[in-house]
1. Consider THR79 carefully, then state whether it is of a type in the set (Ser, Thr, Tyr), assigned by TED's automatic domain parsing to the domain that holds ALA20 and at pLDDT 65 or above.
2. In region 222-233, is there at least one residue being part of a helix (DSSP H, G or I) and either closer than 20 Å to ALA173 by Cβ or touching a helix residue (DSSP H, G or I) at 6+ places or on another chain (Cβ under 6 Å) (or both)?
3. Only one of ASN187, ASN204 is surrounded by 14 or more Cβ atoms within 10 Å (Cβ to Cβ), under 30 Å from VAL98 (Cβ atoms), assigned by TED's automatic domain parsing to the domain that holds PHE170 and at pLDDT 85 or above; which?
4. Going through region 174-221 one residue at a time, which ones are under 15 Å from the mean Cα position of the chain (by Cα) and charged (D, E, K, R)?
5. Among the residues of region 118-149, write down those that are out of contact with any strand residue (DSSP E or B) (no Cβ under 7 Å at 6 or more places or on another chain) and part of a loop (DSSP other than H, G, I, E, B).
6. If you check every pair at least six apart or on different chains, which have Cβ atoms under 7 Å apart with a residue in region 27-42 that is at positive phi first and a residue that is at pLDDT 80 or above second?
7. Return the total of residues in region 138-168 being charged (D, E, K, R) and buried (at least 17 other Cβ atoms within 10 Å of the Cβ).
Amino acid sequence: MGIWDKVRGQFIDVIEWVDASRDALVWKFPRYDNEIKNGAQLIVRESQAAVFLHEGQLGDVFLPGRHELTTKNIPILTTLSSWKYAFDAPFKCDVYFVNTRQFVDLKWGTKNPIMLRDPEFGPIRLRAFGTYCFQCEDPGSFIKGIAGTNPDFSADDIADQLRNILVSRFTDALGECKIAALDLASNYNELGDTLGQAIQPEFNSYGLKLTKFLVENISLPPEVEKALDERARMGILGNLNQYTQMKTADAIGDMAQNPGTGGGMMGMIGGLGMGGVVSGAMQAGMNQGHTGSSSQTPQSGGAMPPPLPNAVQWFAGIDGTQVGPLSPAELGNMVKSGKLTRTTLVWKEGFSGWTEAGQVPDLSGLFGSVPPPLPS
């Protein structure tokens, strides 16, 4: 082997980059002071670009494909370099491969709560987070302005800076949009699209393109969320009578399917019955407060007037069903119609349990004109 063969062996014939990582953004081809042979093959794969720097100055940018490196297809390097040899002489320059694929599922989020003035809640603090995607659109500008001479530059090296830009612009946009906190969830897409367009000029200065900006969640402080849960719960339980009837029906169905639990179920039904009494009394009190003076006419829709102050409220067991509250006059009408007899169980506030109507002194006058039942 002659001396010229040894010299030719020092020249680089093939320049390529096989990316085995997932976050490499820039990779410098390791030349180790070897010169690139004039006529060498440059292989640039899809989602890559090759950037040549000669003596620190930006040279040519090669897009995907197979390129033969000659002075004819490297006009910029030809003008930057003073060739001392013939056109087939080797040359030295730095070769950087830039990953131009999309980097996806990058996280952003507010480190501290955002102070806002909400039209419904007043001053409020919000937190937000989401994801974004970007790709290198101008490899030459990115190498020149960001990566520099760093031989290995990953997406993590610039992620913090991009995240700070996104959070800062998002905070400003959220304060200017004047959207109520409870309506933000229906405007996530609009916020993401608007912010993506507003932030793109800043990414352009880095040679990057913001391909996607998503708002995943904007959350309220825990104490505000707890108050909203209580408010929603009261809205669901707004009609206590219907809620009690529904629970009673469910308990009866469960008892029918599980006869062995009849005792416990009866206790549950009794408790729900008392709940109905309490809810009826509460509803009556609320109606009394809204009715005002006795000179007002009752509202339409079949609503019952509230009971008179200090009126005795009676309850009776008719055909196995609790009926009430009842006034003494209503009990008298039931006696006349035969629905209420001396053996009918009744109850009022102060009684320790249900008692037959004939044994209650306050009701004995109702049965004065009604004969007792014939002896069996």
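The values are calculated or read from the model by the stated rules, or taken from the named source; none is laboratory data. Model, not experiment: these values are computed from the prediction. Quick reminder, even Gly has a Cβ in these numbers, built from the backbone with ideal geometry, and neighbours come from all protein chains shown.
1. On the way: of a type in the set (Ser, Thr, Tyr): yes; assigned by TED's automatic domain parsing to the domain that holds ALA20: yes; at pLDDT 65 or above: no.
Spelling it out, it is not the case that THR79 is of a type in the set (Ser, Thr, Tyr), assigned by TED's automatic domain parsing to the domain that holds ALA20 and at pLDDT 65 or above.
2. No, region 222-233 contains no residue that is part of a helix (DSSP H, G or I) and either closer than 20 Å to ALA173 by Cβ or touching a helix residue (DSSP H, G or I) at 6+ places or on another chain (Cβ under 6 Å) (or both).
3. ASN204
4. Once the filter is applied, which keeps residues that are under 15 Å from the mean Cα position of the chain (by Cα) and charged (D, E, K, R), region 174-221 yields ASP183, GLU216.
5. Step one: list which residues in region 118-149 are out of contact with any strand residue (DSSP E or B) (no Cβ under 7 Å at 6 or more places or on another chain), which gives 119-122, 138, 141, 145-146, 148-149.
Of everything in region 118-149, those that are out of contact with any strand residue (DSSP E or B) (no Cβ under 7 Å at 6 or more places or on another chain) and part of a loop (DSSP other than H, G, I, E, B) turn out to be PRO119, GLU120, PHE121, ASP138, GLY148, THR149.
6. Sorted first by the residue in region 27-42, then by its partner, the pairs are GLY39/GLU68; GLY39/LEU69.
7. 1
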